[in-house]
Amino acid sequence: MKSIKVVIGGEEYSLIGEDEELITRSANEANRLINEIRAKYDKELPMLTITTLALVNSIETMEIEKRKLEEEKHFLMEELDRMKDFLENYIKQNAENQ
């Protein structure tokens, strides 16, 4: 485990993890979301509200991506089933014709 220093919302944090690049990217994204919300509301909101909104936005994005992934997985499974059925029928027909 490694300790990585990052800045999120103007505060420095020491985060611990194994994948430094992932932690840094995640912290940068959190910082970007916080800064985006701060800019949108002219820094009038308390930091707790800003971080809560950033968290909710992040989870919403994650859930949308998760839903898309499930839809793609379902589509691919259907396609694989169709291919399997086609190949089974092809093999069956060729076996009967020999």
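The values are calculated or read from the model by the stated rules, or taken from the named source; none is laboratory data. Note that this is a predicted model, so its numbers are computed, not measured. Cβ coordinates were reconstructed from backbone atoms using ideal geometry, including for glycine residues, and neighbour counts include every protein chain displayed.
For this structure, a couple of remarks:
- Residues of the range 15-29 that are in contact with a strand residue (DSSP E or B) (Cβ under 6 Å, 6 or more places away or on another chain) and among the β-branched types (Val, Ile, Thr): Ile16, Ile23.
- Where Ile50 falls short, out of the listed (1) within 30 Å of Gly10 (Cβ to Cβ); (2) modelled with pLDDT of 95 or more: (2)
- The set of residues in the range 60-75 being closer than 20 Å to Leu33 by Cβ and either of a type in the set (A, V, I, L, M) or under 8 Å from the mean Cα position of the chain (by Cα) (or both) consists of Thr61, Met62, Glu63, Ile64, Glu65, Lys66.
- Considering (1) modelled with pLDDT of 95 or more; (2) assigned to a helix (DSSP H, G or I), the lone condition that Ser14 does not fulfil carries the number (2).
- The range 53-82, subset of a type in the set (A, V, I, L, M, F, W, C) and touching a residue at least 12 places away in the same chain (Cβ under 8 Å), residue farthest from Glu11 (Cα to Cα): Leu53
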